[in-house]
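Enquirer: Can you read through this structure? Questions will come right after.
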Amino acid sequence: LLKLRPVEPGDLPTLFEYSSDPESNRLVGFVPRTRAEFDKRWETVMPDSRVIKRAVVVGGELAGDLCLFDREGRRELGYWFGRRFWGKGLATEAVRLFLAEISERPIHAVIAKHNAGSRRVAEKCGFELVGETVDVNKAGERIELFVFELR
Ligand SMILES: CC(C)(COP(=O)(O)OP(=O)(O)OC[C@H]1O[C@@H](n2cnc3c(N)ncnc32)[C@H](O)[C@@H]1OP(=O)(O)O)[C@@H](O)C(=O)NCCC(=O)NCCS
């Protein structure tokens, strides 16, 4: 039922829609990108082989995406799903499949302290809490984060 495949240009309108959701942005501590900012970001990311990205397809529908990217000298995992797909175990299943595809370790996940669902996903997939950090987002808000590691 759940499949991972490379991200295609035709996925971007839906991924933009998911990335604009206010509750998702609250969980992540982000300020949503404008469509122009989003497109510019994907223009960089699409041809970058250091960024491993996958679309998550559930019953033929694009449910969200996963990626592995470089940040501050680490390989970091990110994931983002459309609201109507939440609460069904899909993120956990998708992250497990993605991690089975990728042999690099360690992998880190940096998760806002108030994002309990994401923390749970990471822990169910074998990540351990190794530290804390703070970020300041585009709105100037201070976001407290946990650093998780998969060894
Ligand atoms: C975080 C996110 C990926 C979770 O997706 P999902 O498909 O609902 O996740 P799953 O169903 O696989 O698992 C969620 C787990 O968190 C738990 N959970 C969800 N919300 C919770 C909350 N507020 N408090 C405690 N636990 C919570 C669920 O009960 C479940 O655990 P369980 O299997 O033990 O019951 C999804 O909400 C999302 O895309 N959010 C926006 C982007 C984002 O936050 N990305 C992560 C950035 S680090």
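Enquirer: Among the listed residues Glu37, Glu23, Glu17, identify the single one that is out of contact with any Asp or Glu (no Cβ under 9 Å at 6 or more places or on another chain), more than 14 Å from the ligand (Cβ to nearest atom) and either farther than 25 Å from Leu99 by Cα or at pLDDT below 95 (or both).
Expert: Just one listed residue meets the conditions, Glu37.
Enquirer: Oh, and also: Residue by residue through region 118-135, note down the ones that are in contact (Cβ under 8 Å) with a residue 24 or more places away in the chain and either in a strand (DSSP E or B) or small (Gly, Ala, Ser) (or both).
Expert: Ser118, Ala122, Gly126, Asp135
Enquirer: Further question: Can you list the strands (runs of 3 or more DSSP E) found entirely within region 49-117 that contain at least 2 residues being within 12 Å of the ligand (Cβ to nearest atom) and under 17 Å from Glu149 (Cα atoms)?
Expert: Once the strands (runs of 3 or more DSSP E) in region 49-117 are filtered for at least 2 residues that are within 12 Å of the ligand (Cβ to nearest atom) and under 17 Å from Glu149 (Cα atoms), what remains is 61-71, 74-81, 107-112.
Enquirer: Now for a different question. Counting just the residues of region 115-134 that are more than 16 Å from Gly78 (Cα to Cα) and of a type outside the set (A, V, I, L, M, F, W, C), which one comes out most open to solvent (accessible area, probe 1.4 Å)?
Expert: Glu132
Enquirer: Which pairs turn up if I take residues in region 18-40 that are part of a helix (DSSP H, G or I) and look for partners that are within 11 Å of the ligand (Cβ to nearest atom) and at pLDDT below 95 with beta carbon separation below 7 Å, at least 6 apart in sequence or on another chain?
Expert: From residues that are part of a helix (DSSP H, G or I), there are no pairs.
Enquirer: Buried (at least 17 other Cβ atoms within 10 Å of the Cβ), touching a Gly at 6+ places or on another chain (Cβ under 6 Å) and closer than 24 Å to Ala122 by Cβ, is that true of Val28?
Expert: no
The values are calculated or read from the model by the stated rules, or taken from the named source; none is laboratory data. Not measured: the values here are computed from a predicted model. Note that we place each Cβ from the backbone using ideal geometry, even for glycine, and neighbour counts take in every protein chain shown. Please note that ligands, DNA and RNA were not included when accessible areas were found on the heavy atoms of the full protein model with its side chains. Shrake-Rupley method; radii C 1.70, N 1.55, O 1.52, S 1.80 Å.
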